[in-house]
Amino acid sequence: MKFKTRELVEGAVMVALASALSLVKIIEMPWGGSVTLLSMLPIVVYSIRYGIKKGIFASFVYSLFQLATSGVFGWGLTPLMLIGSILLDYVLAFTVVGLAGIFRNKGLPGYIGGTVFAGVLRFISHFLSGVVIWHSFGELWSGFVTDNEWLYSLVYNGVYMLPEIIFTVIGAVILFSVPQLRKLFAPQGN
């Protein structure tokens, strides 16, 4: 895979923008997780613009930033839990966002489908981490306690990932629907 200078520069800008937006938390959930200010959108746009190979590369770099700023190394995890969390909660979860360009040749419906697809894959990665690594359970909301780690992980991750996916889709629709922006972010090359 070869990158043109423009593609590398745009990739770096999109990773930086996604990283900065990930620090702007619109809603913080009581158990953890948060809805950010469209932090997945720059990676989604890059993947749609340049394809999934380059999108995955950019999103992998983004995953490393997420890992570096997470504090996961200070959580007191066992070595096996730490490795699992690094892989599922960071590397895999954020790298799959680069798959948003999978249907980029289908126009706006493809952009929406690819964005949803990538967001759902990210959710699945976080969900599996909650079940396999964290084995979390407890009080989901006032008065409702569960010892079912599958339900807990579904609610814990779904409560922030569903709005995150919806807002990212809305952002993508706006970027690719407005004629002036559509020209700016149009898919390039293969």
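Derivation of every value follows stated rules applied to the coordinates shown; laboratory data play no part. The shown structure was predicted, so the numbers you read here are calculated from the model rather than taken from an experiment.
Brief remarks follow.
- Between Y46, Y156, Y62, the GNM of the chain built on Cα springs shorter than 10 angstrom shows Y156 fluctuating the most.
- Global dimensions of the chain from alpha-carbon coordinates: Rg and Dmax equal 17.0, 56 Å.
- When the alpha carbon gyration tensor of the stretch 77-190 is reduced to an equivalent ellipsoid, its three semi-axes come out at 33, 17, 9 angstrom, largest first.
- Under-17-angstrom lysine pairs by C-alpha in the chain, whenever the two are 8 or more apart or on separate chains: 5
- Net lengthening on full extension, S136/L87 (0.36 nm per residue, minus Cα-Cα): 15.9 nm
- Mean separation of Cα contacts under 8 Å, 6 or more apart, over the residue count of the chain: relative contact order %: 22 percent
- Relative to the current alpha-carbon distance between L37 and L151, full extension at 0.36 nm per residue lengthens the span by 38.4 nm.
- Here is the size of the stretch 7-77 from its Cα atoms: Rg then Dmax, 13.2, 40 Å.
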